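Take a look at the structure below.
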Amino acid sequence: MNFREKYPALQNYTYLNTAACGLLSTKTQRVIQQATQQYAQQGSVGRDAWFDELSAIRQAGAEFIGVSASEVALINNFTSGIYQIAQLLQHHRRVLVVADDYPSLLLPWHLLGFEVFTVAALADGRIPLEAIEDNIRRHNIEVLAVSHVQYSSGFRLPLAALSAIRKEHDIKLVVDATQSLGVIPINLRETPVDVLIGSGYKWLTAGLGNGLLYICQSLHAELSPKVLGFGTVGSKVSFQEVNRMPFTPDTLEAGHCNFFSLFALKQALSEIREIGIEAIFEKVIQLRHQLQESLPDKIKLISDYEDENSSSIVVVDAPAEAEGQLKAQNIITSTRPRGLRISPHFYNSEQDIQQLYSALADLR
Ligand SMILES: Cc1ncc(COP(=O)(O)O)c(C=O)c1O
């Protein structure tokens, strides 16, 4: 497949930065353009049809992670989703997080007055499952909130292991899948969690301002809506009437959404499904191995993990100026707290890794 034609940014850059921002395909860009053009030309005329389309987008998202559409809400980004979840879970008190996880996953629990306990990652970024379990036991944890893949190290906590911990300790498991959704296969029928949230603009290649939020069916009965709006209550206007509404995830979509961005999500999901998530995963594993094996001697691999703990994020101990020096050669990466982050996706090639390798070898 000629990805350079489909993803125009590849004509400008050796793009190894999907962990920061995934690329938009020409087709997805066109979907956004067509919808904005229709809006400009027709105003409210097409709006009802757009609302009708939302259930198809939920359905596509649900199928992608092996759940039912009634368990999925469409969101603007991860942060808005996790705040909604933290509010919904306020009848629980004790939360366990990983100390240097993504800030948006850490902050809501503090802000909303939970008792927050932390488990530290080791110096190389590993997060031992035993440490998680030990903390759960010692602090009588009720909610475990973790990233599937850590943004700064690329360390992956296998969902099967997290799911087993959830069952063993009878806790609520909240997973941030922003750094895995679209690149690592996720099937929640096989590895149940309570909540999973992913922004669409990275590995899902869905552009900005969209995401998926999953809440498992068995949790719905213990939740009550924290946000009520027209999107939730429709034509019911008396508070007494709406206050007794049962919770369903789509009640989180309380106001008008950014349809353009959600149409992009649907298109991107269908493009990813067309290539196949298993094929995508295999390709990034190959690229990761190539990258790890070809690192110049002077560059140390930090994310040196077993396959089951690896992702499509590779972190190396390069000099602080590396990101800028690579960018000057149109090679795009990111510096993060643990080092230089290199994050190839299915649209990258072996040549991209070779170019990076030569540029790294030449670094001063
Ligand atoms: C683990 C993780 N979660 C979430 C996000 C993004 O959150 P949001 O979509 O709210 O900007 C990022 C972005 O880097 C991330 O790495």
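The values are calculated or read from the model by the stated rules, or taken from the named source; none is laboratory data. Everything numeric here is computed off the predicted structure, so don't read it as measured data. In this analysis, Cβ positions are derived from the backbone assuming ideal geometry, glycine residues included, and neighbour counts consider all displayed protein chains.
Is at least one residue of segment 81-103 free of Cβ contacts under 8 Å to residues at least 60 places away in the same chain, over 23 Å from R166 (Cα atoms) and surrounded by 15 or more Cβ atoms within 10 Å (Cβ to Cβ)? No, segment 81-103 contains no residue that is free of Cβ contacts under 8 Å to residues at least 60 places away in the same chain, over 23 Å from R166 (Cα atoms) and surrounded by 15 or more Cβ atoms within 10 Å (Cβ to Cβ).
Looking across segment 127-153, the residues that are part of a loop (DSSP other than H, G, I, E, B) and either away from the ligand (no atom under 16 Å from the Cβ) or under 20 Å from P108 (Cα atoms) (or both) come down to P128, N140, I141, E142, H148, Q150, Y151, S152. Residues that are within 15 Å of the ligand (Cβ to nearest atom), outside any loop (DSSP other than H, G, I, E, B), closer than 13 Å to V119 by Cβ and among the hydrophobic types (A, V, I, L, M, F, W, C): does segment 158-170 have at least one? Yes, that holds for at least one residue.
Listed conditions (1) outside any loop (DSSP other than H, G, I, E, B); (2) β-branched (V, I, T); (3) under 21 Å from the mean Cα position of the chain (by Cα) are all met by V116, apart from (3). Only a single criterion out of (1) out of contact with any Cys (no Cβ under 8 Å at 6 or more places or on another chain); (2) aliphatic (A, V, I, L, M); (3) closer than 26 Å to G276 by Cβ; (4) crowded, with 20+ Cβ neighbours inside 10 Å is not satisfied by A60, namely (4). Of everything listed in (1) away from the ligand (no atom under 16 Å from the Cβ); (2) part of a loop (DSSP other than H, G, I, E, B); (3) touching a residue at least 24 places away in the same chain (Cβ under 8 Å), the single unmet condition for L181 is (1).
State whether one or more residues within segment 38-56 are within 18 Å of L181 (Cβ to Cβ), in contact with a Leu (Cβ under 9 Å, 6 or more places away or on another chain) and touching a residue at least 24 places away in the same chain (Cβ under 8 Å). No - not one qualifying residue is present in segment 38-56.
Quick grid of which residues meet (1) closer than 13 Å to S153 by Cβ; (2) free of Cβ contacts under 8 Å to residues at least 40 places away in the same chain:
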position: K283; (1), (2): no, no
position: L287; (1), (2): no, no
position: V315; (1), (2): yes, no
position: A320; (1), (2): no, yes
position: E323; (1), (2): no, yes
position: A328; (1), (2): no, yes
position: R338; (1), (2): yes, no
position: Q355; (1), (2): no, no
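The residues in segment 205-219 that are touching a residue at least 40 places away in the same chain (Cβ under 8 Å) and outside any loop (DSSP other than H, G, I, E, B) can be counted, and the count is 7. Within segment 18-63, the set of residues being under 29 Å from T333 (Cβ atoms), among the polar types (S, T, N, Q) and assigned to a helix (DSSP H, G or I) comprises T26, T28, Q29. Just one of the listed residues (V97, V149, V119) is within 30 Å of L228 (Cβ to Cβ) and modelled with pLDDT of 95 or more, and it is V97. Residues that are assigned to a loop (DSSP other than H, G, I, E, B) and within 13 Å of the ligand (Cβ to nearest atom) within segment 185-204 comprise G200, Y201, K202, W203, L204, listed in sequence order. Kindly establish whether S104 is among the polar types (S, T, N, Q) and touching a Phe, Trp or Tyr at 6+ places or on another chain (Cβ under 7 Å). Yes, satisfied.
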